[in-house]
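Written below as structure tokens is the structure these notes are about.
Values in this text are rule-based calculations from the coordinates and carry no lab data. As the structure is a computational prediction, the values presented were derived from the model and not from experiment. Don't worry about glycine lacking a Cβ; one is built from the backbone with ideal geometry, like all the others, and counts go over all protein chains shown.
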Amino acid sequence: MTMTPRDPSIVIIGAGVAGIATAVTFQQAGFHNFVIVEKGSDVGGVWHWNRYPGLTCDVPSQLYQFSFAPKPDWSRIWAEGSEIQRYHRDVVERFGLDKHLMLDSEVNDAVFGEQGWELSLSGGRSLRADFVIAATGVLHHPFTPDIPGRDSFGGAMVHTARWDDSIDTAHKRIAVIGSGSTGVQIVSALQPQADKLVQFARTPQWVLWAPMGLPQSSVVAKLLGTVPGLHDRVYDAGLWASGLLADVVLHPTWRRTVVQQFARWSLGAQVRDRRLRDKLTPDYEPLCKRQVLSGTYYQAISAPNAELVTEAITEITPTGIRTADGVEHEVDVIVFATGFHPHNYMRPMNLRGRDDVTIDEAWAKGPRAYRMTAIPGFPNLFTVLGPNSPTGSISLQYSAELTARYITRWLERFRAGEFDTVEVSEEATSRFNDSVAEAMGPTVWNTGCNSWYFTDQHTIDLWPFDRATMTRLLSTPEDRDFLLTRSRDTAVI
């Protein structure tokens with residue numbers, strides 16, 4: 001007896017890099033019965049939420065794109081955030097994803113039951129699905145430190161991830177709290193027109209010099225757009241080059257030494273003032289934290305109207321910020337460049353799987369997944385760019401597309417009637433996470449700094465393997481690691 005193929009219903013949560021890559025990959029594999037729910041008012045994820053002055057991607061534009069949607073005409077070698085957001089919007093329109101898209105639709109509840117997944121959305125709407133794909137990304141819950149007196153400040157106050165374009169920063173006294181990539185970018189952008197700019201840096205960062213404002217040649221754009229196959233070769237070359245970056249951060253080789261020496265040179269060559277240079281010198285190895293690139297930061301913080309403060313902040317006053325040495329720094333604007341809660345993933349949504357287990361219970365010892373994409377206790381749910389994703393070493397677009405293709409293998413088998421639910425085993429997940437912990441040992445992220453890569457449980461939430469290993473692990477599902485069931489019988493595998 002021939003079984004009629006089933007058409008799985010799918011909900012993709014998130015319309016950023018991961019969600020768009022997943023949706024297009026599913027379409028190309030013949031799956032069209034999906035909805036993309038996005039809590040924001042437009043697509044792009046982090047590139048929609050972030051629009052602060054100076055926002056620039058630290059990955060070259062020709063690599064920071066989907067393999068299925070080449071863009072030869074980037075305006076800069078390292079694109080600005082607004083251009084990247086427009087690119088994502090263009091991809092959504094080019095591939096007809098708008099008809100699948102539900103904007104301003106935050107998922108409040110996602111519960112697995114006898115009828116599959118039931119999702120409750122903001123505004124009282126609901127959805128049912130055979131599969132849920134959590135493409136929620138990493139950096140989307142802004143972190144603002146709870147500093148005493150914060151509510152008393154009489155001037156403008158803003159987080160970089162929720163930038164307010166109505167705030168006028170020109171000719172103002174500006175405080176920037178934070179020293180990561182965002183802090184470096186916004187200091188560089190705001191300093192030239194500020195009356196005074198004070199950066200409060202708990203710990204300094206190594207900043208690699210790079211000409212971030214360098215335009216992409218129109219000749220290059222024309223060649224990439226007209227010469228058959230050239231764009232694919234450039235993209236492949238970019239992936240190969242990213243493999244060198246992976247080697248630098250994963251293994252203590254001569255390549256790592258060279259890059260670390262370049263970081264030290266970048267500081268020494270650009271900051272001549274000894275006292276400032278000492279304050280800007282980290283006490284940890286270069287690359288241990290997310291690497292920061294800039295061609296202008298050291299000049300900006302060295303300018304006469306700029307000041308670097310490393311004393312701890314004790315309180316915010318009505319007129320400024322007071323530090324532990326008793327000094328009150330009077331300012332008109334406070335900018336929080338303090339990053340995100342990087343390990344929340346799907347939270348705070350009420351996500352409940354088999355036997356009513358919650359994601360908080362499943363992740364009581366920290367976020368964990370099998371090969372970045374499956375969680376024990378949550379049947380027919382997969383994550384794209386989930387726990388241990390390579391935010392510090394491998395192209396996120398490549399990773400998202402690879403993971404989405406892996407998920408389509410399961411969708412194809414569901415469509416063929418092989419199973420009704422698929423759930424990774426606890427044993428397989430533990431084996432994978434043990435291998436991650438072991439491989440993390442020689443990585444540069446494990447050399448003694450306190451970075452946002454660390455979870456509250458002191459594990460490093462990154463991918464400690466190379467791209468070839470990722471490709472192998474996410475090529476073909478291994479049935480021995482999963483429990484497959486049909487509604488009319490017991491376990492299949």
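In table form, for the structure just shown:
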{"quantity": "Close Lys-Lys pairs in the chain, where close means Cα under 27 Å and separation is 8 or more or interchain", "calculated": "9"}
{"quantity": "Using a Förster distance of 35 Å, the FRET efficiency for residue 310-residue 258 (Cβ separation, nearest 0.05)", "calculated": "0.75"}
{"quantity": "Sites residue 361 and residue 99, calculated FRET efficiency, Cβ-Cβ separation with R0 51 Å, nearest 0.05", "calculated": "0.90"}
{"quantity": "Residue-span extension gain [residue 108 to residue 281] - 0.36 nm each, minus C-alpha spacing", "calculated": "57.9 nm"}
{"quantity": "Residue 438-residue 425 pseudo-label distance in nm [points 7 Å out on the Cα-to-Cβ vector]", "calculated": "1.8"}
{"quantity": "Residues 438, 38, 114, sorted so that the one with the fewest Cβ neighbours within 10 Å comes first", "calculated": "114, 438, 38"}
{"quantity": "Pair-distance profile P(r), taking every C-alpha pair of the stretch 1-126, with 5 angstrom steps and integer %", "calculated": "2, 10, 19, 19, 17, 13, 9, 6, 3, 1, 1, 0, 0"}
{"quantity": "Extreme residue, positive dipole direction of the stretch 44-202, given options 154, 193, 112 (C-beta unit charges)", "calculated": "193"}
{"quantity": "In degrees, nearest ten, helix 230-250 long axis to first principal axis of the chain (Cα)", "calculated": "70"}
{"quantity": "Farthest toward positive dipole pole in the stretch 150-336 [+1 Lys/Arg, -1 Asp/Glu at C-beta], among 226, 182, 284", "calculated": "226"}
{"quantity": "Ordering of 66-79, 186-199 by packing [mean C-beta count within 10 Å, highest first]", "calculated": "186-199, 66-79"}
{"quantity": "The stretch 214-323: trypsin sites (Lys or Arg not before Pro) falling in loop per DSSP and having at most 10 other Cβ within 10 Å", "calculated": "272"}
{"quantity": "The chain - charge dipole about Cα centre, Lys and Arg +1 at Cβ, Asp and Glu -1, debye rounded to 20", "calculated": "1200"}
{"quantity": "Packing-based ranking, highest mean first, of 449-457, 131-139 given that Cβ atoms within 10 Å are counted", "calculated": "131-139, 449-457"}
{"quantity": "Gain in span if fully extended, residue 319 to residue 233, counting 0.36 nm per residue against the direct Cα distance", "calculated": "25.4 nm"}
{"quantity": "Isotropically averaged projected area of the stretch 150-336, using the convex hull of Cα atoms (one quarter of hull area), nm²", "calculated": "13.5"}
{"quantity": "On Cα atoms only, tilt of 254-270 relative to the major axis of the chain in degrees", "calculated": "30"}
{"quantity": "For the stretch 308-385 versus the stretch 102-162, the gap between their alpha-carbon centres in whole angstrom", "calculated": "12"}
{"quantity": "Within the chain, helix-based [θ] at 222 nm, where runs of 4 or more DSSP H residues each add -39,500 (n - 2.57), nearest 500", "calculated": "-9000 deg cm²/dmol"}
{"quantity": "Distance from the stretch 169-217 to the stretch 407-482 (C-alpha centre basis), Å", "calculated": "36"}
{"quantity": "Fraction of antiparallel bridges per DSSP, the stretch 150-336 only, in percent to nearest 5", "calculated": "25"}
{"quantity": "Distance between the stretch 1-80 and the stretch 234-253 - C-alpha centres, whole angstrom", "calculated": "23"}
{"quantity": "Cβ-based exposure ranking for 101, 381, in which fewest neighbours within 10 Å come first", "calculated": "101, 381"}
{"quantity": "Label point at residue 269 placed 7 Å out along Cα→Cβ; residues across the stretch 210-242 whose backbone nitrogen lies under 20 Å", "calculated": "210-215"}
{"quantity": "Where trypsin sites (Lys or Arg not before Pro) fall in DSSP loop in the stretch 1-53, at most 15 other Cβ within 10 Å", "calculated": "6"}
